[in-house]
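A.B. asks: Mind looking over this structure? Questions follow.
Please treat every number below as a calculation from the coordinates, not as lab data. Please read all numbers here as calculations on a predicted model, not as lab measurements. Cβ atoms come from the backbone with ideal geometry, glycine included; neighbour counts cover every protein chain shown.
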Amino acid sequence: MNEIELYGKTTITEPGTYTLGQDIPYGGGTHLSEACFSIEANDVVFDGGGLTIGGNGVSDTSAIVATDVQNVVIKNVTLARWDYGIRFENVVGGQIRDAEVTGNGYGLVFHDSYLCIIRDSHVSENLLGVVFDSFSDVALLDTTVESNSGRDTFRIPTELL
């Protein structure tokens, strides 16, 4: 399996282990409606190495987005000042571990995602903490979701989709 160090905005298209090599300040070159890190491959481990991916508060940006994938792990990272901290869209078997998600519009968002786990993480001081639609299956284990402005956890009713 690949082991690659990341230093800025990247689209991941191959399975492997990807480790953040430095803090990413002010969005790392992310433009409106973009993600700093996009995961588009199955069997990916994204290891933040204890570093921070900082946004610049621009609407419709994301620190990390995983789309149409299986077996994705995002771990050991701090995400702050994004519209979306992490978005899982049609992810099966996704995990978020040891993440600090604070000061975002939406901390963690799950859309049509199944068998996903948030473990040993802290989600606080976002507008909404953890958001998931009626089709998603998400478990929180040893995770604190607190002090978010709107709601800590919010399930979007099917009739609103």
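A.B. asks: Would you kindly derive the ³J(HN,Hα) couplings of the stretch 46-58 from the backbone phi angles with the Karplus curve 6.51 cos²θ - 1.76 cosθ + 1.60 (θ = phi - 60°), listing them in order in whole Hz, with x for Gly and Pro?
C.D. replies: 9, 10, x, x, x, 8, 10, 9, x, x, 10, x, 6
A.B. asks: Can you give the log10 of the normalised intensity I(q)/I(0) at q = 0.20 Å⁻¹, computed with Debye over equal Cα scatterers of the stretch 19-144?
C.D. replies: -1.09
A.B. asks: Right, another one. What is the sum of charges, Lys and Arg at +1 and Asp and Glu at -1, for the other residues whose Cβ falls under 11 Å from the Cβ of Ala80?
C.D. replies: Around Ala80, the charge tally is -2.
A.B. asks: Around Gly28, what is the net charge, scoring Lys/Arg as +1 and Asp/Glu as -1 over all other residues with Cβ under 14 Å from its Cβ? Could the numbers behind the result be given before it?
C.D. replies: Numbers: positive: Lys9, Arg81; negative: Asp23, Glu34.
That works out to 0.
A.B. asks: While we're on this one: Report the FRET efficiency, 1/(1 + (r/R0)^6), for Lys9 and His122, where r is their Cβ-Cβ distance and R0 is 25 Å, rounded to 0.05. Mind showing how you got there, number by number?
C.D. replies: On the way: r = 25 Å, r/R0 = 1.00.
Plugging the Cβ-Cβ distance into 1/(1 + (r/R0)^6) gives 0.50.
A.B. asks: I'd like the distance between the alpha-carbon centres of the stretch 123-150 and the stretch 29-98, rounded to an integer number of Å.
C.D. replies: Spelled out, the Cα-based centre of one part sits 15 Å from the other.
A.B. asks: Let me ask something else about it. Taking the beta-carbon count within 10 Å as an exposure proxy, list Ser59, Ser124 from fewest neighbours to most.
C.D. replies: Lowest to highest Cβ neighbour count: Ser59, Ser124.
A.B. asks: Follow-up question, since we're still on this one. Please give the FRET efficiency for Asp43 paired with Ser147, using the beta carbon to beta carbon distance and R0 = 45 Å, rounded to the nearest 0.05. It would help to have the intermediate numbers written out before the result.
C.D. replies: Details: r = 35 Å, r/R0 = 0.77.
That pair, Asp43 with Ser147, gives E of 0.85.
A.B. asks: Under a point spin-label approximation (7 Å from Cα along Cα-to-Cβ), what is the Tyr114-Gln70 distance to one decimal in nm?
C.D. replies: It works out to 1.0 nm between the two label points.
A.B. asks: Taking the number of other C-beta atoms within 10 Å as the exposure measure, put Leu20, Leu127, Leu79 in order starting with the fewest.
C.D. replies: Exposure proxy ranking, most exposed first: Leu127, Leu20, Leu79.
A.B. asks: Apply the Kirkwood formula to the stretch 1-59: the hydrodynamic radius equals the inverse of the mean of 1/r over all pairs of different alpha-carbon atoms; give it in Å with one decimal.
C.D. replies: Kirkwood radius, the stretch 1-59: 11.9 Å.
A.B. asks: What percentages make up the Cα-Cα pair-distance distribution of the stretch 75-133 when the bins are 5 Å wide from 0?
C.D. replies: Percent of Cα pairs in each bin: 5, 21, 32, 25, 15, 1.
A.B. asks: Please give me the summed charge of the neighbours of Val130: other residues whose Cβ is under 10 Å from its Cβ, Lys and Arg +1, Asp and Glu -1.
C.D. replies: Working: positive: Arg151, Arg155; negative: Asp152.
Net charge in that neighbourhood comes out at +1.
A.B. asks: What size of dipole, in debye to the nearest 20, comes out for the chain about its Cα centre when the only charges are +1 on Lys and Arg C-beta atoms and -1 on Asp and Glu C-beta atoms?
C.D. replies: 240
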